[in-house]
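Take a look at the structure below.
Nothing in this text is a laboratory measurement; each read-out follows from the coordinates by a stated rule. Because the structure is predicted, anything quoted here is derived from the model rather than measured. Positions of Cβ are generated from backbone atoms using ideal geometry, with glycine treated the same way; all protein chains shown enter the neighbour counts.
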Amino acid sequence: MPGKEGVKIGRKKEVQLTERKEQTRDEKIKVLEDEISKTKYNKKTQHAIGLMKAKLAMLKEAAERRSAVGKAKGDDRFTVRKTGDGAVVLLGFPSVGKSTLLNKLTNAKSDIAAYAFTTLSAVPGMMHHKHARIQIIDVPGVVSGAAAGRGRGKEVLGMLRNADLILILIDALFPQHHKALLQEIFDSGIRINQKKPDVRITKKERGGVGVGTTVKLTKIDKETIVDVAREMRISNADILIRDNINIDQLIDVIEGNRVYTKALTVVTKIDLVDDKMLREICEEVKPDVVISAEKNQNIDELKEAIFNKMGFIRIFLKEVNKHADMEEPMIIFDGSTIKDICLKLHKDFVDKFRFARIWGKSAKFSGQDFRRLDKVLSDEDILELHIN
Ligand SMILES: Nc1nc2c(ncn2[C@@H]2O[C@H](COP(=O)(O)OP(=O)(O)OP(=O)(O)O)[C@@H](O)[C@H]2O)c(=O)[nH]1
Ligand SMILES: [Mg+2]
């Protein structure tokens, strides 16, 4: 039957064509990446770099959309219920010592072995430090190309999106892994230790792209902003910029799905190197803490660093006509409001809230009344909630 044959040939061709299209996209990405890394950034090259980065972002987004098609979502092994005052994810190459560290920081018992990919799912444990309960989550190791889907890369990097803090673990014997890990984090749309840039884009029907600024822009000029926006299919919009942003930050804002998370860099297995080597590694990696989980070196320092980086404040709760409980503070993120405390105590408290009385830095005088749930609290405030 000639008809059927025709369909068959047609399909084959179609497959070949898609493969070819795939290749050309990858090739284009490679060419752009090479070109960007070769081009030195200055006032003259800024516009060209901006356009290349915008093109690259669009190509990567298209590749991402393609690879997401038909992928099973919501793998149970990577679903961890968030509990405690904050969550930390341990990120590193296979065998860097993630599970060994989890077991040292918490009461968890994650499998440890000398071969790669021992851990195959997300394993949570609870760390207790200075009244805070911090959830630590061990995950499988990632490798280069994780963000593009290698190994369980997508699932692991996806977990980072919900973390309050990422621990970037580098094996003392492989400091070169640091750069590769940072690249994977960046490629999965996570920005570490960066403030979300204050840029507002309001799309409109016509009139082209208008740029307004409240600060002096020194890293990108208006022409580049307009052309990067156009390249990323924004042809009519008002862009209001309140931070001295660079090209990457502009692209982040236009793409929109970025996550801004804190991170600490930790060198592991320092018992395997001598002092001189360790100094060289620190020079290269600039870690926040260096540890040996196996030899119990600097584990308390790491706990302290995690606690500090989380940016917690302590709130002492007081019942009406009683003294405040100054022994056990509530631990909550800096910038939290009365509402956040209510939510943490009981879900009904928000609806039943009448007012709160505060002693401490947030109050102008001792025992000041606040009727607004969005009142921001300070470290060591004493809070008396009046609930219906
Ligand atoms: N010398 C030394 N070895 C360590 C240290 N921490 C872990 N190891 C060893 O390194 C190997 C891997 O440790 P794991 O904790 O399983 O590493 P992991 O990062 O969880 O590995 P995956 O789950 O496979 O990604 C084991 O043989 C551990 O005993 C350390 O501080 N010093
Ligand atoms: Mg492990």
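Before moving on, here are some points about what is shown:
- Considering only beta bridges that DSSP places wholly inside the chain, some 45 percent are antiparallel.
- The ranking of 174, 316 from fewest to most other beta carbons within 10 Å of each one's beta carbon is 174, 316.
- Using θ = phi - 60° and Karplus 6.51 cos²θ - 1.76 cosθ + 1.60, couplings along the range 358-374 (whole Hz; Gly, Pro as x): 10, 10, x, 4, 7, 9, 6, 9, 4, x, 5, 8, 10, 9, 9, 5, 8
- Cross-link pairs beyond the 30 Å C-alpha cut-off, checked among 286/375; 130/361; 262/318: 286/375; 262/318
- Listed values for the range 285-290 are Karplus-derived 3J(HN,Hα) couplings in whole Hz (6.51 cos²θ - 1.76 cosθ + 1.60, θ = phi - 60°), namely 8, 6, x, 7, 9, 10, and x replaces Gly and Pro.
- Backbone amide hydrogens, once placed in the peptide plane, bring residue 211 within less than 5 Å of 239, excluding anything fewer than 5 places away on its chain.
- When only the Cβ of Lys, Arg, Asp and Glu is charged (+1, +1, -1, -1), the dipole of the chain relative to its Cα centre reaches about 1600 debye.
- For the range 326-375, applying the loop criterion from DSSP together with a ceiling of 10 other beta carbons within 10 Å to the trypsin sites (Lys or Arg not before Pro) yields 347, 364.
- Close amide H partners of residue 332, meaning residues 5 or more places away or on another chain with modelled amide H under 5 Å apart, are 313, 315.
- Across the range 218-225, rounded Karplus estimates of 3J(HN,Hα) from the backbone phi angles (6.51 cos²θ - 1.76 cosθ + 1.60, θ = phi - 60°) give 10, 10, 7, 9, 5, 4, 5, 4 Hz, Gly and Pro being marked x.
- Footprinting exposure proxy for 118, 268 (fewest neighbouring C-beta atoms within 10 Å first): 118, 268
- Dipole of the chain, positive end: most advanced residue of 268, 170, 120 [Cβ charges, Cα centre]: 120
- Cross-link pairs 196/364; 30/60; 60/98; 53/219; 43/216 - those with Cα-Cα distance over 22 Å: 196/364; 60/98
- Helix 177-187 vs. the chain, principal-axis angle (Cα, 0 to 90°, nearest 10): 80
- Positive dipole terminus of the range 245-388, leading residue within 299, 320, 343 (C-beta point charges): 320
- Lys/Arg +1, Asp/Glu -1 at C-beta; the chain dipole; positive extreme among 368, 159, 287: 159
- Counting only DSSP H runs of at least 4 residues, each contributing -39500 (n - 2.57), and dividing by the residue count of the chain, the helix-based mean residue ellipticity at 222 nm comes to -11500 deg cm²/dmol.
- Under a Gaussian network description of the chain, with springs only between Cα atoms under 10 Å, the residue in 312, 186, 355 that fluctuates furthest is 355.
- The simple spin-label model puts a point 7 Å past each Cα toward its Cβ; for residue 40 and residue 233 those points are separated by 3.7 nm.
- Built amide H within the under 5 Å cut-off of residue 263, gap 5+: 166, 193
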